[in-house]
Amino acid sequence: MGDKEKALLAFVEKVNHRSYELTAADADQVRRAGWTDEAIFDAITVCSLFNFYNRWCDATGVQDMSAKDYEASGKRLAQYGYVMG
């Protein structure tokens with residue numbers, strides 16, 4: 001992994017664990033590593049959504065699919081894509 005990716009992942013780790021400590025300097029550091037504002041926004045969004053999904057699943061008791069179900073889902077996506085019509 002390169003320095004560019006390490007900078008983004010360090011930022012995302014702070015978003016994930018200590019977002020209340022984020023400053024403009026944190027975003028500036030990621031920009032200096034070569035990431036655009038759009039890429040930073042996307043990283044924040046993905047991190048936030050996974051936090052939401054994990055908490056939602058934990059709180060509602062939703063369980064992971066079995067390996068067999070993942071395989072069937074992968075085959076269905078490969079054949080039909082995300083939209084079945």
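Nothing in this text is a laboratory measurement; each read-out follows from the coordinates by a stated rule. As the structure is a computational prediction, the values presented were derived from the model and not from experiment. So basically every Cβ, Gly included, is an ideal-geometry build from the backbone, and we count neighbours across all protein chains shown.
A single member of 78, 43 is without any contact (Cβ under 8 Å) to a residue 40 or more places away in the chain and more than 14 Å from the chain's Cα centre (by Cα), and it is 78.
Against the test of being in contact with a Phe, Trp or Tyr (Cβ under 8 Å, 6 or more places away or on another chain), basic (Lys, Arg) and part of a helix (DSSP H, G or I), the options 14, 4, 75 yield a single qualifying residue, 4.
Selection within the stretch 44-85: residues that are of a type in the set (Ser, Thr, Tyr) and under 30 Å from residue 23 (Cβ atoms). The member of this set that is surrounded by the most Cβ atoms within 10 Å (Cβ to Cβ) is 48. When the test is whether a residue is more than 10 Å from the chain's Cα centre (by Cα) and not acidic (Asp, Glu), residue 12 does not pass it. Filtering the stretch 17-38 to residues that are among the hydrophobic types (A, V, I, L, M, F, W, C) and surrounded by 13 or more Cβ atoms within 10 Å (Cβ to Cβ) leaves 22, 27, 30, 33, 35.
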